[in-house]
Amino acid sequence: MEVLTMNGTAVHAAEAAAGKGRRYRLDRPELLAPAGNLEKLKFAVHYGADAVYIGGQSYGLRSNADNFSFEEMREGVEFAARYGAKVFVATNIYAHQEDLPGIADYLKQLEAAGIAAIITADPAIVETAMTHAPGLEVHLSTQQSTMNWQAVKFWKEVGLPRVVLARETSMEEIREIKANVDLELEVFIHGAMCSSVSGRCVLSNHFTDRDSNRGGCCQSCRWKYDLHQEHGPVGDPGDHMFTMGSKDLCMIRHIPDLIEAGVDSFKIEGRMKSIHYVASVVGAYRQAIDAYMADPEGYSLRPEWEDEIGKAANRPLNTGFFYTTPGASEHIYEPEEKPAPYDFAAIVREYDPETGIAVVEQRSPFRPNTEVEFVGPGGRSFKQIAGPLTDMDGAAVDVARHPLQLLRIRTSEPVAPLDMMRKKIGSV
């Protein structure tokens, strides 16, 4: 059986599901997206991800995400394979001795489910995977804080095909690493930044007795704090609270630099983010990467890619450590403005081209006579004023207020299943 990849080339489904070998450099950059649950996985792949990373019910750093059962993993692998995409599983805890019993069986089950690779930092898990689940690729997690070519060379000699570099690695250091070691490099290019060394933090352990490095992070760095001195609080009542939260990373303007530096996998952060966020961000980077690969000499940034990311972002954006060491201006000290002007309103489930009627599934309230925007993969989008709404029995609906309610609406242009409908925030 053959399947269609995102760039239109045919590959064998068995190869797509299995991860196809252990190459040390990819032919074209991989777009790697987060998926906090099965529905997000499907949207990430549908909107252009070459691979997705998920969490299982054990050994990952996002215990508050929905995470995947083995049955859901198998369904996700099967769905991804239809697009020529792969599924990776994060097993990136730093294991205490009590965490290790059962890890071999867990990894064997991942292998049996068709998972292409695990992302891990702990050498005990690395060794166990290579011994007991040889069909799984082992990718070194960013939690290992790898920032120099000698360290990358060490992990290549261990037998790993890919290293996820530390968030603190600069563009110059990436070029140097790639020049000295022929190994796949994965780099975070978009999403939240951790105010610690590559995610290794113990604030949560001290404040809430939840282990950051075993999946329990309470995101203490995102809390708001009052600043005090010996005799009381600093500042006047009503002053903004102090926070140590970083601005979010965004490299959409720098796709050529990343590709020319030798980055093999472009990783988006956000397993806890919404479907709207994942689909919008993946769609924008998909278009940018494809445009560069099609015509490097004629490539230019298109404003609609940045606009699309802006419609999903909820924090100010910067370029992290790629070009300079972030200073005080790269942190958020005042209440965060919400630059995203749109809210995710509905998912298209069906469309009848003869009548122009779509069946949509409600995700937030909306009503007729308000402006909505439909968005699909590949940059398809159009705006319209929502016309009359009816439920599936044909009864008129004055406002779509019920979560997951199926509704019929006429669209001014064709749409397709898994297209999104959004509206401006504040309009109901």
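The values are calculated or read from the model by the stated rules, or taken from the named source; none is laboratory data. In this text the structure is predicted, and so the values were computed from the model without any measurement. Cβ coordinates were reconstructed from backbone atoms using ideal geometry, including for glycine residues, and neighbour counts include every protein chain displayed. Side chains included, ligands, DNA and RNA excluded: accessible areas come from the protein's heavy atoms. Shrake-Rupley method; radii C 1.70, N 1.55, O 1.52, S 1.80 Å.
Placing a pseudo-label 7 Å from each Cα along the Cα-to-Cβ vector at S300 and H231 gives an inter-label distance of 6.1 nm. Here the Karplus curve 6.51 cos²θ - 1.76 cosθ + 1.60, taken at θ = phi - 60°, turns the phi angles of the range 286-296 into couplings of 4, 5, 5, 4, 5, 5, 5, 5, 6, 7, x Hz, with x standing for Gly and Pro.
In plain terms, the chain from E157 to M244 could stretch by 27.5 nm, reckoned as 0.36 nm per residue minus the Cα-Cα distance. A 1.4 Å probe run over the range 327-390, with the rest of the protein chains in place, finds 49 Å² accessible per residue. What the Cα atoms of the range 86-131 give is an Rg and a Dmax of 10.1, 31 Å.
Using the Kirkwood radius over C-alpha pairs as Rh, can you work out the diffusion coefficient of the range 220-323 via Stokes-Einstein at 10 °C, viscosity 1.306 mPa s, in µm² per second? Using the Kirkwood radius from Cα pairs, D works out to 97 µm²/s. Counting 0.36 nm for each residue step from E39 to D352 and taking away their Cα separation leaves a gain of 110.4 nm. Legend: translational diffusion of the range 30-107 by Stokes-Einstein, Rh = Kirkwood radius over C-alpha pairs, 4 °C, 1.567 mPa s; D = 101 µm²/s.
Think of it as helices only: each DSSP H run of n ≥ 4 in the chain is worth -39500 (n - 2.57), and spread over all residues that comes to -7500 deg cm²/dmol at 222 nm. In this rough spin-label picture, where each label sits 7 Å from Cα along the Cβ direction, the E260-S364 distance is 3.9 nm.
For E30, nonlocal amide neighbours, meaning residues 5 or more places apart or on other chains whose placed amide H falls under 5 Å from its own, are S265, F266. The slack in the chain from K383 to D99, taken as 0.36 nm per residue of separation less the alpha-carbon distance, amounts to 97.1 nm.
Shown in residue order for the range 165-170 are the 3J(HN,Hα) couplings computed by the Karplus curve 6.51 cos²θ - 1.76 cosθ + 1.60 at θ = phi - 60°: 5, 4, 4, 7, 6, 8 Hz (x for Gly and Pro). For I54, the amide hydrogen comes within under 5 Å of the amide hydrogens of F88, V89, A90, counting only partners 5 or more places away or on other chains and with H modelled in the peptide plane.
The order of the peptides 360-369, 295-304 by mean Cβ neighbours within 10 Å, most packed first, is 360-369, 295-304.
Applying the Karplus relation 6.51 cos²θ - 1.76 cosθ + 1.60 with θ = phi - 60° to the range 91-101 yields 3J(HN,Hα) values of 10, 9, 6, 8, 7, 7, 4, 5, 7, 7, x Hz, where x marks Gly and Pro.
Packing-based ranking of 40-52, 412-424 yields 40-52, 412-424, ordered from highest to lowest mean Cβ neighbour count within 10 Å. Site pair D182 and H206 shows an inter-label distance of 4.7 nm when each label is modelled 7 Å from Cα along Cα→Cβ.
With the highest mean first, a sort of the peptides 136-149, 86-99 on other beta-carbon atoms found within 10 angstrom per residue produces 136-149, 86-99.
Jot down the per residue volume, in cubic angstrom and as a whole number, of the convex hull over the alpha-carbon atoms of the range 131-212. Could the numbers behind the result be given before it?
Numbers: hull volume 10.0 nm³, N = 82.
Looking at the range 131-212, the number lands at 123 Å³ per residue.
Heavy atoms only, probe 1.4 Å: what % of the accessible area of the range 241-316 goes to carbon and sulfur, would you let me know? Result for the range 241-316: 51 percent of the exposed heavy-atom area is carbon or sulfur.
Relative to its residue count, the chain spans a Cα convex hull of 171 Å³ per residue.
Whose amide H sits under 5 Å from the amide H of A345, counting only residues 5 or more places off or on another chain, with H placed in the peptide plane? Amide H neighbours of A345, under 5 Å, 5+ apart: M421, R422, K423.
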